[in-house]
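Asks: My questions will all concern the structure given below.
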Amino acid sequence: MAKMIGKGKSRRRTSKVCEQVNVHCNLFHRLSFLGRFIWDRILLCSLPRPYLRLPLPHPPSSPPPPPPAVHRGCSSPSHSDSDLVNLKISLLGDCHIGKTSFVIKYVGDEQEKISLQMKGLNLMDKTLFVQGARISFSIWDVAGDKGSLYQIPMACKDAVAILIMFDLTSRSTLNSVVGWYSKARKWNQTAIPILIGTKFDDFVRLPPDLQWTIVTQARAYARAMKATLFFSSSTHNINVNKIFKFIMAKLFNLPWTLERNLTLGEPVIDF
């Protein structure tokens, strides 16, 4: 009996010990699981993550830089083009009547060296100051041969004055001025018409009756074209500058009076 009681007590003790061991094992497993979970989180946080590139801020919009200033003709870089007035002048007439010599006398030899020459067309510029403004004459000299007739529309378009020229010593060139005038008016109806007889220094050597015939015919053509008539000489600079002064006075209503001159043997001015 005593042995049986001793065995019962021993079993109860063993049972309690097992329960305690089970509790400790469960606690250990829970702590181990919790520890592994925390460790896994730590490892996950410590792993390198992909680098995220931040978007670059957009630069503030700015206006494009202004274009470089363009200087035309003879103007110097110290002047702006705000006070520059461009005037286009067209020259028409037969070949070998002195058109180019007339233009060179006005613009000067230096400008003639830098002139723009194309087939059937010669361009020269001259800039001058008038009452605080800069006037730039762009002179378009059309060759007088038939192969250059296609240049007439470009030369006459937007011109403020059209100079129809003839040789005072050649009646055939005088007879051609009406045709040149008609071709010019086809492309420009508003330009100031001016009829110019060249080589006056040779003209005065002709017989007086022939001079009078040429003067009469030239005046009749000028009236028909409603043009002002000038006799000129590039060699002696007769009426060359006066013609361009007349154009400016006409365009800008400048206080300048042109005097008529119909004296035989003198350079004619008629209007």
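Laboratory data are not the source of any read-out in this text; all were calculated from the coordinates shown. Quick caveat: nothing in here was measured; it's all calculated off a predicted structure. Virtual Cβ from ideal backbone geometry, glycine too; neighbours counted across all protein chains shown.
Asks: Using a 7 Å offset from the Cα along the Cα-to-Cβ direction at both ALA133 and ALA224, what is the distance between the two label points in nm, to one decimal?
Replies: 3.6
Asks: Whole-Å semi-axes of the stretch 128-211's equivalent ellipsoid, largest first, each the root of 5 times a Cα gyration tensor eigenvalue?
Replies: 26, 19, 11
Asks: Further question on the same structure: Once fully extended, how much extra length lies between SER101 and THR235, figured as 0.36 nm per residue of separation less the alpha-carbon to alpha-carbon distance?
Replies: The SER101-THR235 span can extend by a further 47.4 nm.
Asks: How long are the semi-axes of the equivalent ellipsoid of the stretch 81-270, taking √(5λ) for every eigenvalue λ of the Cα gyration tensor, in whole Å from largest down?
Replies: Over the Cα atoms of the stretch 81-270, the semi-axes work out to 25, 19, 16 Å.
Asks: Holding the Cα-Cα limit at 28 Å, pick out from LYS88/LYS226; LYS99/LYS186; LYS146/LYS245; LYS99/LYS245 the pairs that are longer than that.
Replies: Check vs 28 Å cut-off fails for LYS146/LYS245.
Asks: Please give me, ordered by residue number, the trypsin sites (Lys or Arg not before Pro) of the stretch 182-258 that lie in loop per DSSP and have at most 12 other Cβ atoms within 10 Å.
Replies: ARG205, LYS226
Asks: If you take every residue apart from VAL160 with its C-beta less than 15 Å away from the C-beta of VAL160, what net charge results, scoring Lys and Arg +1 and Asp and Glu -1?
Replies: For residues surrounding VAL160, the net value is +4.
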